[in-house]
Amino acid sequence: MQSITDTPDTHPSTPARGAGSAVGIAATALAVIALGVASYLLVELRQARNQIGALQARVTDLAASADKKTKELDLGLAAVRGQTAAIAQRTGVTEGELEKTANAARQLREEQRKGQENLESLGGEVGKVKDDVAASKAAIEQAQAQLQRAIGDLGEQSGLIARNADELAALKRAGLREYYEFDIKRAKSPTPVGPVAVRLKDADVKRHKFNMVLVVDDLEIEKKDKTLLEPVQFYRKGSRQLNEIVVYAVQKDGITGYLSMPKVADAAATAK
């Protein structure tokens with residue numbers, strides 16, 4: 001039998017020990033998680049540093065490459081300047097004169113470009129000029145068709161005969177022979193007409209006739225009773241080509257007309 005003075009047992013109960021164990025486990029878990037997060041952050045930081053280092057290296061390489069290219073360009077420019085100076089020294093031309101020449105060349109190219117652009121607009125004007133030339137040619141041909149031919153006082157077939165100043169102008173434009181116009185009054189001395197001379201002795205307005213004296217190669221040739229538009233023909237010394245005087249207007253004491261002669265080259269060829 002237990003005495004009333006005996007001390008009872010004081011051992012802790014089981015529930016108290018369970019709560020402490022749970023707290024310890026939670027602390028351990030938090031520590032593990034914190035360690036994992038720290039490890040992850042450390043890995044990320046290391047990768048970030050590596051990437052930054054790679055970028056810095058690339059930037060350095062690019063800077064070095066750009067610096068190298070800049071130096072190469074500077075060297076090339078210096079070489080060109082040196083060659084320019086050497087050329088200028090050899091040719092006696094200053095660098096300023098070379099630059100002036102280069103500017104002139106650039107300006108010339110610009111003018112050529114503008115000229116090329118204007119070619120199309122000029123094409124229309126060229127076509128208009130061609131049309132005008134064709135029209136003039138047709139007018140000359142028409143005028144020539146209206147001219148007459150005749151038999152001269154030597155019995156030779158004459159060339160085209162002009163009956164007035166307008167038709168004579170058409171003959172001149174054709175350019176087949178040399179023509180010398182004259183308006184001669186009756187006189188005692190001959191009047192020069194081209195390489196010959198003519199002296200009018202008298203003129204009959206009503207009958208359209210006249211008498212004249214030709215001075216050809218220092219020889220006087222008298223032509224009597226000649227008629228309006230009748231070719232007065234003669235030959236010059238050393239030439240077998242025909243020369244003609246045609247009078248297309250008879251006035252009182254005067255005549256108007258022209259001298260027709262072969263061209264100098266044609267006359268020289270015939271004389272051979």
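Structure above, values below:
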{"quantity": "Sequence-distant residues sharing a close amide H with residue 209 (under 5 Å, placed H)", "calculated": "204"}
{"quantity": "Under-5 Å amide H pairs with residue 230, H placed in peptide plane, nonlocal only", "calculated": "247"}
{"quantity": "Length added when fully stretched, residue 204-residue 49, from 0.36 nm per residue minus Cα-Cα", "calculated": "42.9 nm"}
{"quantity": "For residue 263, distant residues with modelled amide H under 5 Å away", "calculated": "178"}
{"quantity": "Ranked by how many other beta carbons lie within 10 Å on average, peptides 159-168, 49-58 from highest", "calculated": "159-168, 49-58"}
{"quantity": "Residue-by-residue Karplus 3J(HN,Hα) for the range 213-228, coefficients 6.51, -1.76, 1.60, Hz, glycine and proline x", "calculated": "10, 9, 10, 10, 6, 6, 10, 9, 10, 8, 10, 10, 6, 8, 10, 4"}
{"quantity": "Cα gyration tensor shape of the range 205-266, rounded if a/c is under 1.5, else prolate or oblate by comparing a/b with b/c", "calculated": "prolate"}
{"quantity": "Shape category assigned to the range 146-272 from the gyration tensor of Cα positions, a/c cut at 1.5", "calculated": "oblate"}
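Every read-out reported here was derived from the displayed coordinates using simple, explicitly stated rules and does not represent laboratory data. Computed from a predicted model, the values in this text were never measured in an experiment. Neighbour counts are summed over all protein chains in view; Cβ atoms, including those assigned to glycine, are modelled from backbone coordinates with ideal geometry.
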